[in-house]
Amino acid sequence: MNWAKDEEENTIANLPIIYALSDSIGETAEQVARATASQFNSGEFDIIRIPYINSVEQIAETVREATKHTCIICHTLVSPDLRDALLEQAQEHNIQTVDIMGPMIHAVQNITEMIPRLKPGLVHKLDQEYFKRVEAVEFAVKYDDGKNPLGLLKADIVIIGVSRTSKTPLSMYLAHKKVKVANVPLVPEAPLPQELFQVPSHHIVGLIIDKFKLNEIRCERLKTMGLAPDASYANISRINEELDYARTIMRRLECPIIDVSNKAIEETANRILEVVQKNKLANS
């Protein structure tokens, strides 16, 4: 008979248990339990995470199991009904409970007089939103200024326009709204990628601008670069040529057009977001 193995199994069976309960994924409750266990010299605790609790029956089943062991129950339950059920049933069986989030929620409510949403999983939802934003920003950088035509077919929206119509700032602004944006400069001498003509017209937005406004912007740009303001880049006739070419391409693509002459980035971005929203509704 393997006495050593039996002794080991008995030792594990007799470990004090910390139940970590949650009506969401339960990571916070488990992390607090492990951090607490680490503060004791032996550190020998059995930590059992029980996530996605959504009924009083699950609470009752957990408490019944807990009565068989030396244990405590910690939890991050945000539902008042589930918290009350756990507290009531645990008290009936003399099981100690620790409400990890409750006191913090009450404290914040007291100083702000705001009503908490008491909705499970909001932290993880926020995490997902954060990663979507990061992904969109990385996308905007990767497919900025026509760098990689393959991105045009993956984008939520493609912005086209002549130089200095705020394509890149708009792309980054929209990326922070979790919109994947690629942009393509329209230059008469530069051939356009064939992928652009494979993108549905309602997924493209063209930007145009008043020629005198563009002349002013480009002159300032040349000054910051230490170049003469009379370079062809800022020449009115050159600007006219570029704008005519841009309008021809936009008509060919049959895409929505926004005049950005007197618009702030936010205003133009909101117009583009309306296009994105229409696209989502059309595809839903």
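The values are calculated or read from the model by the stated rules, or taken from the named source; none is laboratory data. This structure is a prediction, so every number in the text was calculated from the model and none was measured. Here the Cβ is made from the backbone with ideal geometry for all residues, glycine too, and neighbour counts use every protein chain on show. With ligands, DNA and RNA removed, areas are computed over all heavy atoms of the protein, side chains included. Shrake-Rupley method; radii C 1.70, N 1.55, O 1.52, S 1.80 Å.
Classify region 235-275 as rounded, prolate or oblate, taking a ≥ b ≥ c as the square roots of the eigenvalues of its Cα gyration tensor: rounded when a/c is under 1.5, otherwise prolate if a/b is larger than b/c and oblate if not.
oblate
Throw me the Rg/Rh for region 196-258, computed over C-alpha atoms with Kirkwood Rh, two decimals.
That ratio equals 1.09.
So if we plug the beta-carbon distance of Ala282 and Asp230 into 1/(1 + (r/R0)^6) with R0 = 51 Å, what FRET efficiency do we get, rounded to 0.05?
Step by step, r from the Cβ atoms, then E = 0.60.
What residues have an amide H closer than 5 Å to that of Ile257, excluding those fewer than 5 places away on the same chain, when H is modeled at 1.01 Å from N in the peptide plane?
Hits under the 5 Å cutoff: Gly206.
Quick one: helix 236-253 against the long Cα principal axis of the chain, what's the angle to the nearest 10°, folded into 0 to 90?
Roughly 60 degrees between the two axes.
Report the extension gain between Glu267 and Lys177 in nm, rounded to one decimal, defined as 0.36 nm multiplied by the number of residues separating them, less their alpha carbon distance.
31.0 nm
Can you tell me which of 262-275, 215-228, 169-182, 71-84 comes out highest on packing, and rank the rest after it, using the mean Cβ neighbours within 10 Å?
Ranked from most to least packed, the peptides come out as 169-182, 71-84, 262-275, 215-228.
In Å³ and rounded to a whole number, note down the convex hull volume per residue for the Cα atoms of region 150-279.
105
Determine, from the Cβ-Cβ distance of Leu150 and Ala190 and an R0 of 22 Å, the FRET efficiency 1/(1 + (r/R0)^6), rounded to the nearest 0.05.
0.80
If ligands, DNA and RNA are left out, what is the accessible area of Phe212 with a 1.4 Å probe, given in Å² to the nearest 10?
Surface open to solvent at Phe212 totals about 120 Å².
What area, in nm² and to one decimal, does the C-alpha convex hull of the chain cast on average over all directions?
25.8
When ligands, DNA and RNA are left out and all protein chains stay put, how many square angstrom of accessible area per residue does the chain have with a 1.4 Å probe?
60
Quick one: how many lysine pairs does region 187-284 have with C-alpha atoms less than 20 Å apart and a gap of 8 or more or different chains? Give me the count, please.
Qualifying lysine pairs in region 187-284: 4.
Using all C-alpha to C-alpha distances in region 103-222, build P(r) with 5 Å bins and read off the rounded percent in each one.
2, 11, 16, 16, 13, 10, 8, 6, 6, 6, 5, 2, 0, 0
How far apart, in nm, are the 7 Å Cα→Cβ label points at Asn110 and Ser55?
That separation, rounded to one decimal, is 3.6 nm.
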